[in-house]
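The block underneath contains the structure these notes are about, expressed in structure tokens.
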Amino acid sequence: SSSDPQNTTMFEYPANVADHLLISEVQTKGSTSHNDEFIELYNPTGSDIDVTGWSLQYKSATGTTFAKYNLPSATVASHGFYLVARSEYTGSTSADATQGAFLMGASGGHVFLVNTNSTLGSCTQESIVDKIGWGTGNCAEGSAVTAHDWNETVARSPIGADTDVNAD
């Protein structure tokens, strides 16, 4: 049998590729502890995105207050990733930034990517670029995604897609 270089499987971008920075993956409890947490951002656009002055914010499943981590001066490359982790993170990929502003609840919660350093007052403010809710979270995009187990993550699939429904 001979190989046919034209008979290849090509990666297809989903029809609903986002035109903005996304929260692509969240881990609230890793292999070693509940503090083994990370938030991964992905830039599906054709341009680099400067996140200087932006923040990641966390709200518990049914809480009304937001904890905020101001992102450092950084740029997320076109089709690139940016990893924010706690100091207890044990993954093989090095974090781009380390946050200690909040711990995420494994059974439910929310992460918000916000294009300002102002603390949110609600789940619907225009400064929210993307958000994800899991488990018992009451403020997800559409319905919340199922909470994950130890050393598992909540991930957007396919990468770069944004349906505005977290359970998709």
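Which one of GLY105, THR65, THR93 has its Cα pushed farthest toward the positive end of the charge dipole of the stretch 47-155, where Lys and Arg give +1 and Asp and Glu give -1 at the Cβ?
THR65
Assuming R0 = 22 Å, what is the FRET efficiency of THR32 and SER107, from their Cβ-Cβ distance, to the nearest 0.05? If you can, show how the numbers build up before the last one.
Numbers: r = 19 Å, r/R0 = 0.85.
In this case the efficiency is close to 0.70.
Pull out the extension gain between SER78 and SER92, defined as 0.36 nm times the separation in residues minus the alpha carbon to alpha carbon distance; nm, one decimal.
2.8 nm
Heavy-atom accessible area of THR98 with all protein chains present, probe 1.4 Å, nearest 10 Å²?
Probe radius 1.4 Å; accessible area of THR98 about 90 Å².
Please report the relative contact order for the stretch 60-139, taking Cα pairs under 8 Å with a sequence separation of at least 6, and give it as a percent rounded to a whole number.
39
Whose amide H sits under 5 Å from the amide H of THR116, counting only residues 5 or more places off or on another chain, with H placed in the peptide plane?
It is SER55, by chain and number.
Please work out the FRET efficiency for the pair THR153 and GLU126, using the Cβ-Cβ distance as r and a Förster radius of 30 Å; give the result to the nearest 0.05.
Values: r = 28 Å, r/R0 = 0.94.
Efficiency, rounded to the nearest 0.05: 0.60.
Sort 64-73, 136-145, 108-117 for me by packing, meaning the mean count of neighbouring Cβ atoms within 10 Å per residue, highest on top.
Descending packing order for the listed peptides: 108-117, 136-145, 64-73.
Taking amide H positions as placed in the peptide plane 1.01 Å from N, state which residues far from GLY105 in sequence (5 or more) or on other chains have amide H under 5 Å from it.
For GLY105, whose amide H was placed from the backbone, there are no distant partners under 5 Å.
Hey, could you pull the Cα Rg and Dmax for the stretch 9-148, both in Å?
Here Rg and the maximum Cα pair distance are 14.6, 47 Å.
May I ask you to evaluate 6.51 cos²θ - 1.76 cosθ + 1.60, the Karplus curve with θ = phi - 60°, for each residue of the stretch 108-122 and list the ³J(HN,Hα) values in order in whole Hz, giving x for glycine and proline?
Per residue, the Karplus-derived 3J(HN,Hα) values read x, x, 8, 10, 10, 9, 10, 8, 9, 9, 7, 5, 5, x, 7 Hz.
The values are calculated or read from the model by the stated rules, or taken from the named source; none is laboratory data. No experiment lies behind these values; they were computed from the predicted model shown. Virtual Cβ from ideal backbone geometry, glycine too; neighbours counted across all protein chains shown. Note: areas computed on protein heavy atoms with side chains; ligands, DNA, RNA excluded. Shrake-Rupley method; radii C 1.70, N 1.55, O 1.52, S 1.80 Å.
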